[in-house]
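**Q** Encoded as structure tokens, here's the structure I'll be asking about.
Just so it is clear, none of the values below were taken in a lab; they were calculated from the coordinates. No experiment lies behind these values; they were computed from the predicted model shown. So basically every Cβ, Gly included, is an ideal-geometry build from the backbone, and we count neighbours across all protein chains shown.
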Amino acid sequence: MIKNFKLNYCKSILSKYGKKECIIFEIDIIQMSDKVSIIIRGKNEEDWLNLCLKSINDQTYSNFEIIYVDNESEDASINIAKEYKVTKIKKIKKFLPGNAINVGIKASSGKYIVILSAHCIPANIDWLKNLVKSISSRKKIAGVYGRQVPLNSTSSDDARDLLITFGNEDRIQKKDPFFHNANSIIKRSVWNKVNFDNHITNIEDRDWAKKILNMGYEIKYDSSAMVYHFHGLHQHNNYESFRASAVNSLIQKINEDNYKDELPTWFDVKNRECPIIIYGKKVGNIESKLNLLVEKNPGLLNEKIFYYGDSDPKIKGVVFLKRNISTKASYSKFTLDVLNVLNKKIGYKIEALCFVDLGYKKFIKNAISTNKQTVFLENTSLSTFGFIDKGDIWMLSGKKVSKVRKMFDKDTSFVRIVFGQGAVIRTSSIRLKKSDPKDAFTHTFKDISYLLR
């Protein structure tokens with residue numbers, strides 16, 4: 001069917017545009033007929049798997065299947081995969097990189113095998129097409145690995161490593177065994193001859209590449225098959241060496257890189273799944289308080305709004321969530337109950353939740369959009385607002401008080417957090433960290449009236 005369609009359509013292209021355009025079209029049709037199996041490996045990748053799967057489903061090359069290999073995740077990773085209609089989910093107990101890939105490939109059926117880390121996000125809709133074009137361009141090419149670039153929120157050291165390792169010039173490797181399975185494609189026919197090592201704990205990709213190079217095959221680096229990789233190669237996380245930031249700027253200037261000029265739509269904050277949860281004790285007229293909130297946060301009209309409480313306020317555009325726990329429950333139990341109720345109602349594609357306590361007398365202007373941007377663009381687990389208390393801080397134990405710090409201690413500031421003023425928190429932090437992440441961020445304010453309820 002594909003061949004007949006190709007032939008007939010190519011005749012019309014030939015008569016209208018000429019031979020060159022017909023050849024280009026023919027190449028694309030031939031490639032689309034080759035099935036690709038995408039192996040995604042992950043453990044507790046709730047923060048990234050949603051984006052990863054969303055970006056794959058938007059690819060121009062559509063003849064693919066996804067196999068998700070999960071290493072005993074405790075978050076919503078498996079449920080997220082299921083919501084994206086991933087039917088081949090393999091579970092492993094002990095993670096060894098080569099074994100995880102082999103398990104996935106054994107469950108696959110594609111001519112080509114893409115290997116992708118769950119926290120690597122394709123940078124454009126032609127990522128998969130570019131990988132397939134490269135792997136099918138020469139018989140001797142056994143594997144292709146693509147470019148990995150940092151996000152704005154990637155630490156300077158991780159960004160430096162990525163920029164140095166993955167340049168913007170393609171190359172064929174006949175001796176160099178460097179290969180990277182965070183973003184790669186291989187031929188099943190070659191894998192049938194040489195599997196990945198099931199036992200080594202790292203660099204299974206280079207081990208495999210060395211073996212196939214010794215057999216006379218080649219490796220290709222394709223800079224157009226690009227992904228965003230927040231963690232980087234060595235996962236320095238928040239560590240920042242004093243030279244890294246300057247080095248990054250120079251590399252990008254020398255390379256004339258523009259990879260960060262426009263992020264794909266799936267990174268856009270307005271496309272991220274972050275429902276607004278409104279709640280509160282003795283609020284009074286809920287609808288009037290909601291109107292006050294909208295005045296300060298006009299973008300709220302385009303958001304999904306849910307009211308969490310004991311009875312339905314029956315407000316147009318607001319969905320009711322029935323409270324399952326006491327109003328005296330702890331903060332962590334409260335946020336978890338909201339998340340559980342919401343998962344049952346709308347599914348697991350939710351990336352974060354925004355909490356608004358309608359009991360506040362005043363609402364901070366644009367707090368919701370500010371916190372969403374901080375969580376999704378700066379990649380923090382929690383963003384909130386807080387009042388900086390510059391006075392002496394004392395600790396009360398029974399009826400006894402003791403000073404915690406001196407007024408002019410420059411090393412420490414105490415902040416009174418207003419969680420209900422539009423705080424945004426990742427669902428993974430609610431699920432795994434009891435809503436107490438270590439990388440929380442606060443925007444500060446000086447008007448003490450925002451504390452009043």
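**Q** State the antiparallel share, in %, of DSSP beta bridges confined to the range 329-453, rounding to the nearest 5.
**A** Working: 16 of 21 bridges.
Of all bridge pairs located within the range 329-453, approximately 75 percent are antiparallel.
**Q** Turning to a different aspect of this structure: Treat each spin label as a single point 7 Å out from the Cα along the C-beta direction, and report the residue 214 to residue 404 distance in nm.
**A** Those two pseudo-labels are separated by 6.1 nm.
**Q** Mind ordering 114-125, 76-87 by average Cβ neighbours within 10 Å, highest first?
**A** Details: 114-125: 23.8, 76-87: 18.6.
Output ranking for 114-125, 76-87: 114-125, 76-87.
**Q** What residues from the range 373-390 fall in the zone where the backbone N is under 15 Å from a label point 7 Å along the Cα-to-C-beta line of residue 416?
**A** Under cut-off, by backbone N: 385-390.
**Q** Can you give the FRET efficiency to the nearest 0.05 for residue 366 and residue 315, using r as the Cβ-Cβ distance and R₀ = 22 Å? List each step's numbers first, then the result.
**A** Values: r = 22 Å, r/R0 = 1.01.
For residue 366 and residue 315, the calculated efficiency is 0.50.
**Q** Rank by packing, highest mean first: peptides 94-101, 157-164, 322-329, 196-203, with packing defined as the count of other Cβ atoms within 10 Å averaged across residues. Don't skip to the answer; put the middle values down first.
**A** Working: 94-101: 19.4, 157-164: 22.5, 322-329: 12.1, 196-203: 14.2.
Result, highest mean first: 157-164, 94-101, 196-203, 322-329.
**Q** Can you tell me how the range 34-267 classifies by the Cα gyration tensor, rounded, prolate or oblate, using a/c under 1.5 as the rounded cut?
**A** Working: a/c = 1.43, a/b = 1.15, b/c = 1.24.
Rounded, because the longest to shortest axis ratio a/c is under 1.5.
**Q** Rounded if a/c is under 1.5, else prolate if a/b is larger than b/c, else oblate: which is the range 47-137, with a ≥ b ≥ c the root eigenvalues of its Cα gyration tensor? Don't jump to the answer; show the numbers that get you there.
**A** On the way: a/c = 1.90, a/b = 1.33, b/c = 1.43.
Note, shape of the range 47-137 comes out oblate.
**Q** Taking the Cα-to-Cβ direction at residue 152 and at residue 394 and moving 7 Å from each Cα, how far apart do the two end points lie in nm?
**A** In this crude spin-label approximation the distance works out to 4.5 nm.
**Q** Assuming a ≥ b ≥ c are the square roots of the Cα gyration tensor eigenvalues, decide whether the range 280-321 counts as rounded (a/c under 1.5), prolate (otherwise, with a/b larger than b/c) or oblate. The partial results should precede the final answer.
**A** Numbers: a/c = 2.18, a/b = 1.32, b/c = 1.65.
Note, shape of the range 280-321 comes out oblate.
**Q** While we're on this one: Work through the residues other than residue 419 whose Cβ is under 12 Å from its Cβ and net out their charges, Lys, Arg +1 and Asp, Glu -1.
**A** On the way: positive: 416, 453; negative: 357, 436.
Net local charge, residue 419 excluded: 0.
**Q** Sort 272, 453, 138 so that the residue with the fewest other Cβ atoms within 10 Å of its own Cβ comes first and the one with the most comes last.
**A** Working: 272 20, 453 15, 138 12.
Ascending number of Cβ neighbours within 10 Å: 138, 453, 272.
**Q** Would you kindly state how much longer the chain becomes between residue 82 and residue 326 on full extension, computed as 0.36 nm times their sequence separation minus their alpha carbon distance, in nm to one decimal?
**A** Details: separation 244, 0.36 × 244 = 87.84 nm, distance 3.19 nm.
Length difference between fully extended and current span is 84.6 nm.
**Q** Give me the distance in nm between label points sitting 7 Å out from Cα along the Cα-to-Cβ direction at residue 43 and residue 92, one decimal.
**A** My value for the distance between the label points is 1.0 nm.
**Q** Now, a different point. Can you tally the net charge around residue 280? Count Lys and Arg as +1, Asp and Glu as -1, for every other residue whose Cβ sits under 10 Å from the Cβ of residue 280. Present the calculation step by step, with values, prior to reporting the outcome.
**A** Details: positive: 281, 282, 289, 453; negative: 357.
For residues surrounding residue 280, the net value is +3.
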